[in-house]
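Participant: Okay, here's the structure, questions in a sec.
Derivation of every value follows stated rules applied to the coordinates shown; laboratory data play no part. Worth saying up front: this structure is predicted, and the values here are computed from it rather than measured. Note that each Cβ is placed from the backbone with ideal geometry, even for glycine, and that neighbours are counted across all protein chains shown.
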Ligand SMILES: [Zn+2]
């Protein structure tokens, strides 16, 4: 048996010398050192030898196994170098190929729209004022002329916290009260701010309503501010945001914190007024709710409504982005689906 092993060893070494290709090399490894390779089988058969021969045979078989393994490693390295040199020579690596583009992030479509809105209002002299997301019931409702049990409260389904009277703001309008107190100098200074931020409503999710969305509130308070100022200011915003040729229209509406109240429509960006699914075939899309600040709200902000007046408006950046880009479902905005986000 030992003789047979030695001849296998000699044969294996001789064969290895002739191998120049990694496929053949791995075939060789399988035949001699693999699970059913000749050397492995010989080692396994040690137990069948007479007792006094076993030790010597086993020792020699292991030596041969290790020697072949070393020879294999050496040959493998040689072949690897050889094949690498060959592939370089054949020009398999084309260093002139353009590189792969590293994916880059981009601004969220809501952020892009918000920044456009900020820029336009900044040009028109409005500062950004950030108000809190977690509000008290009083500022969110009562001080905005929506007392407890007022039927207008049904317009908002509210997220309540575990602390009674502390809620997530349902709109950015409570920022009006805070801005008047922070900037109004006890009702003696004029104000021109926009109040952007996230709002929260406990609503059924649908293509048209989300439980969170951005709003941009606007507030101007001064001594001689009239409805015409509101109309002119909003129309100018719409021209800068959507294009000078776009027509704007105002419709009478109702909000508890403005009197009179209006809603503002602009000609549909998709069909240009001819009618399409985005504008529900009316040719118009709503861009804002607005109105003259209600005297009660001015009073709650520290102003004397017989001397001071103001206008306020609220617009939805996601709705605007939907109208401009023909996005059919508001839920896309917070799903973090790159297939959606990468389009902007
Ligand atoms: Zn349309």
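Participant: Round to the nearest 0.05 the FRET efficiency obtained for residue 108 and residue 202 when R0 = 30 Å and r is the Cβ-Cβ distance.
Facilitator: Efficiency for this residue pair is about 0.80.
Participant: Which one, 154, 133, 329, has the greatest fluctuation when you compute a Gaussian network model over the chain with C-alpha springs under 10 angstrom?
Facilitator: 154
Participant: Cα axis of helix 227-242 to longest principal axis of the chain: angle in degrees, 0 to 90, nearest 10?
Facilitator: 20
Participant: Take peptides 225-235, 157-167 and line them up by average Cβ neighbours within 10 Å, highest first, as a rough protection proxy. Spell out each step's value before the answer.
Facilitator: Values: 225-235: 16.6, 157-167: 12.4.
Final packing ranking: 225-235, 157-167.
Participant: For region 2-89, what number results from the quotient of the Cα radius of gyration and 2.2 N^0.38 Å?
Facilitator: 1.26
Participant: Residue 211 label point, 7 Å along Cα→Cβ, cut-off 17 Å on backbone N: hits in region 150-176?
Facilitator: Inside the label zone: 156-163, 167-171.
Participant: When the Cα centres of region 72-103 and region 283-313 are compared, how far apart do they sit, in Å?
Facilitator: After rounding, the separation between the Cα centres reads 72 Å.
Participant: If you restrict to DSSP beta bridges whose two residues both lie in the chain, what percentage is antiparallel, to the nearest 5?
Facilitator: Beta bridges within the chain, antiparallel portion: roughly 95 percent.
Participant: Just how far, in whole angstrom, is region 318-344 from region 115-132 if you go by their alpha carbon centroids?
Facilitator: Between the Cα centres of region 115-132 and region 318-344 lies a distance of 22 Å.
Participant: In degrees, nearest 10, range 0 to 90: what is the angle between the Cα axis of helix 51-89 and the longest Cα principal axis of the chain?
Facilitator: Result, in degrees: 50.
Participant: Please give the FRET efficiency for residue 341 paired with residue 49, using the beta carbon to beta carbon distance and R0 = 56 Å, rounded to the nearest 0.05.
Facilitator: Efficiency, from the Cβ-Cβ distance: 0.20.
Participant: So what is the 222 nm mean residue ellipticity for the chain from helices alone, if each DSSP H run of at least 4 adds -39500 (n - 2.57) and you divide by all residues, rounding to the nearest 500 deg cm²/dmol?
Facilitator: So the helix-based figure for the chain works out to -12500 deg cm²/dmol.
Participant: Here is a follow-up. Residue separation times 0.36 nm, minus the C-alpha to C-alpha distance between residue 274 and residue 60: what's the value?
Facilitator: Working: separation 214, 0.36 × 214 = 77.04 nm, distance 9.38 nm.
Between residue 274 and residue 60, full extension yields 67.7 nm more.
Participant: Pulled fully out, how much extra length does the chain show between residue 227 and residue 152, if you take 0.36 nm times their separation in residues and subtract their Cα-Cα distance?
Facilitator: 24.7 nm
Participant: How big is the gap, in Å, between the Cα center of region 221-270 and the Cα center of region 160-215?
Facilitator: 20
Participant: Which peptide among 37-44, 206-213 comes first, and what is the full order, when sorted by highest mean count of other Cβ atoms within 10 Å?
Facilitator: 37-44, 206-213
Participant: Cβ neighbours within 10 Å, averaged per peptide: list 81-87, 194-200 in order, most packed at the top.
Facilitator: 194-200, 81-87
Participant: Another one. Compute the Cα gyration tensor for region 109-341, then decide on rounded, prolate or oblate, letting a ≥ b ≥ c be the square roots of its eigenvalues: rounded whenever a/c is under 1.5, prolate when a/b is larger than b/c in the other cases, and oblate in all that remain. Walk me through the intermediate numbers first.
Facilitator: Working: a/c = 1.75, a/b = 1.24, b/c = 1.41.
It is oblate, given that a/c is not under 1.5 and a/b is not larger than b/c.
Participant: Stretched out fully, how many nm does the piece from residue 329 to residue 123 gain, at 0.36 nm a residue minus the Cα gap?
Facilitator: Details: separation 206, 0.36 × 206 = 74.16 nm, distance 3.12 nm.
So the chain would gain 71.0 nm between residue 329 and residue 123.
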